[in-house]
Every structure is written in structure tokens, then in C-alpha cells.
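Okay, so here's the structure we're looking at.
The values are calculated or read from the model by the stated rules, or taken from the named source; none is laboratory data. Nothing here was measured: the structure is a model prediction, and the numbers come from that model. When we count neighbours, we look across all protein chains shown, and the Cβ atoms used for this are built from the backbone with ideal geometry, even at glycine.
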Amino acid sequence: MDVSLPLAHANRAILNAREGRRAEAVHDGRAALDGIKPAYDSTTVYSGLGHLSIALVELGRHEAAVTVYSAAQHVIAVAAHRSYGWQPVAERVKTSLGNSAFEVAWARGALIDRDEAIAIVMAELDAVDEELAFDH
């Protein structure tokens, strides 16, 4: 398996979401998950999940994004570095959710495993898909 593909799809999901291409972002998010699910190494899994959490922010799924990013950061410490991309969106999410809800979601993420984090992302992508279907 090419371990760069899940991250490439996750990053493309971020870009598509930021540009308002929600259906494409969901598609790319699912493609990233398809590469993450069979991965055996933590770096591939949690790097991809960390980037997918940023895509979830851009899709307006803030609480889930915080939970998933927290799960990623608790496994791969590099996710705490500013260049990783979370900090700029974290302030926006804190404003949206409020500090208390943000902290609760963050604490929840510290307790979940990879399969739970993947399930959260899948559920959120499904929810965005449902919103898109409803809009049409």
C-alpha cells in the first residue's frame, strides 16, 4: 500500500471543503478512509485522521473534528506542531462550540481508538452526504 495516498486524499478533502465543493470533499474523505482502514502503522492512520479532522472543520462538523484531532494528537505528537494545520482552525472551532464543549470533545478524543475515530469520520461524511441529498 502506498502510505502517501490516504494523506493526499485527506488533504484534497480539506481543499475541496474550503472551496465549497462538499461532495468532492466527502468523496476524497472516503478515499482517504479506504487507505487508512487497512493501514497497520500509527503514522499513516493518525496523520490521515488528523487531516480529515481539518476537513471536517471545513465541512462544519466541529465537535467531531475536535474529537478526531484529539485522538490523532494523542498518538502522534507531531500533530501538535503549528505547521500541521490544526491551530488556525482550532480557534474558529472554539469560537463556534465554546470552550467547554471544545474541552469535552477534546477529552473524548483522548479516550478513543483508531476504529472509533474512523467510525466518527465515516458518520460525519455520511451526514454531509445526507445534507447534500436534501439540498437537491
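General observations
- Residue selected from the stretch 81-99 under the condition within 16 Å of the chain's Cα centre (by Cα) and among the β-branched types (Val, Ile, Thr), by the criterion surrounded by the fewest Cβ atoms within 10 Å (Cβ to Cβ): VAL89
- GLY20 without any contact (Cβ under 8 Å) to a residue 40 or more places away in the chain and at positive phi: yes
- Filtering the stretch 25-62 to residues that are within 14 Å of ALA123 (Cβ to Cβ) and not in a helix (DSSP H, G or I) leaves LEU59, ARG61.
- Of all residues making up the stretch 95-112, the number that are assigned to a loop (DSSP other than H, G, I, E, B) and either among the polar types (S, T, N, Q) or more than 14 Å from HIS74 (Cβ to Cβ) (or both): 1
- Filter pass, GLY109 being at pLDDT 95 or above and in contact with a helix residue (DSSP H, G or I) (Cβ under 6 Å, 6 or more places away or on another chain): yes
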